[in-house]
Amino acid sequence: MISDLIESTVRESHLPNGIRVATETVPHAYGVAIGIRVHSGSRDEDEQQVGISHLLEHMFFKGTTLRSARQIAEEMDAIGGNLDAFTSKEYAGYGSRVLPEHVPFALELLTDVLRNPRLDEDDLELEKSVVLEEIKGIEDSPEEYVHEVFSASVWPDHPLGRPIIGTPEVVSRLTAEELREHLTRHYVPERLVFAASGAISHEDFEALVSQHFGDLAGEALPRSTESPVCRTPRTLLARATEQTHFCMGLNALAETDPDRWALRIVNLILGGGMSSRLFQEIREERGLCYSIGSDLISFREGGLFVIYSDTSPEHVEELEELARAALHRVTREGVSLEELRRAKAQVRAATLLSLDDVGTRMNRLARSILYHNRVVPLADLMSQVDRVTAEDCLRVAERVFSGSELAFAAIGPF
């Protein structure tokens, strides 16, 4: 099997201080993707510090005790590599993609960035301005902002409902000392995963990680394991837009739930592509919108199923009724064998084709460890998909969609 060959080069190990290391050697690759994942995201913030994880991610690249922000950029450009970083609700990521001979330098640079940040107050004030402009940009994009409004209305009492980027009020008052305390509390060995994929050996990469992070100490604080409770309000935000952008949905399944693959299949059939029920009926047959689809968002203790669309205000009510009808139908009738076959083919092709990219391979290693505490073999994942039956799809659709009211959030003229 293709998946057997792909898995043959995956290795995992632990450093004595608890840091986890995973690699996948890809002999035909020309480069290496390096990733550092910190199992701490916006859901781990205090309510008075919403947005601090994202702001800290920005500040790492404003200079260290050894390098200025310009030097960080110029030194990476000088080897033709790149740096990237992001913050999500449950983890933060830092990485680089370079040629094999530049891996030692890239990891040294990332070490400097994460372990020796200057966190200067003047730099912080400048970066706050950047983040505040980023917040304005999101609020000016209704197709993006409606998802923030939806999350906040569905999970108002849980950290997962808060915006990753924070709020202007909180971001404006965060201090450099608070950033340092957050770094000390959360960037500890137990929360760190190092992953690499491409033209690299596990032994070489593990030795580099040990060299730069083997002396890191600190213990992770207890974290909340409370599952979010879904509210189902109708939230309408009036804006002078030409279209109404809306999300509708409800609680779904956690990332580790045994039924997650069956629900992902159902999601693909409902709104995961151009052949999906929502796309075909609402766009192709009725012409009520340009874009419509559904998505599954999974976290440690819960998840969301979300339908998104944008349409003229006069079509909103009809479109919403059609989407609700599609959910009711799948809970009564399930899915056809042809739909099931097509959805499985989508999952398999998307998974295997994505492995042409070493960055995707690296991300898979890291994410698997974060959520499953091990690299789940690709053959196991494909087997889980293959085992999903039409009966499973009906059962999980009834489990998630039956008897539950849908939350609704919209931005537009009302």
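No value in this document is a laboratory result; all are computed from the given coordinates. Computed from a predicted model, the values in this text were never measured in an experiment. Cβ: placed from backbone, ideal geometry, glycine included. Neighbour counts: every protein chain shown.
Some points to look at:
- Calculated mean residue ellipticity at 222 nm for the chain: -14000 deg cm²/dmol, from DSSP H runs with n ≥ 4 weighted as -39500 (n - 2.57), summed, divided by the residue count and rounded to 500.
- Compactness check for the chain: Cα Rg over 2.2 N^0.38 Å is 1.04.
- Relative intensity of the range 116-193 on a log10 scale, I(q)/I(0) at q = 0.27 Å⁻¹, equals -1.18, per a Debye sum over C-alpha point scatterers of equal strength in the absence of solvent.
- When the charge dipole of the range 310-414 is built from unit charges on Cβ atoms (+1 for Lys and Arg, -1 for Asp and Glu) and taken about the Cα centre, the candidate among SER336, THR389, VAL376 whose Cα reaches farthest toward its positive end is VAL376.
- Pairs of Cα atoms farther than 16 Å apart, the range 100-153, %: 65 percent
- Rounded D (µm²/s) - the range 1-141, Kirkwood Rh over Cα pairs, Stokes-Einstein at 10 °C, 1.306 mPa s: 92 µm²/s
- Among the lysines of the chain, pairs at least eight places apart or on separate chains and with Cα atoms under 27 Å apart come to 6.
- Relative contact order computed over the range 126-193 (Cα-Cα under 8 Å; 6+ residues apart), in percent: 27 percent
- When only the Cβ of Lys, Arg, Asp and Glu is charged (+1, +1, -1, -1), the dipole of the range 234-412 relative to its Cα centre reaches about 640 debye.
- Averaged over residues, the count of other Cβ atoms within 10 Å places the peptides 296-308, 145-157 in the sequence 296-308, 145-157, highest first.
- About the centre of its Cα atoms, the chain shows a dipole size close to 1000 debye [charges on the beta carbon of Lys, Arg (+1) and Asp, Glu (-1) only; nearest 20 debye].
- Positive-end extreme of charge dipole, the range 234-412 - chosen from SER309, PRO258, ALA323 (charges on Cβ): PRO258
- Unit Cα scatterers, Debye sum, the range 281-387: log10 I(q)/I(0) for q = 0.22 Å⁻¹: -1.26
- Volume per residue of the convex hull around the Cα atoms, evaluated for the range 196-348, comes out as 223 Å³.
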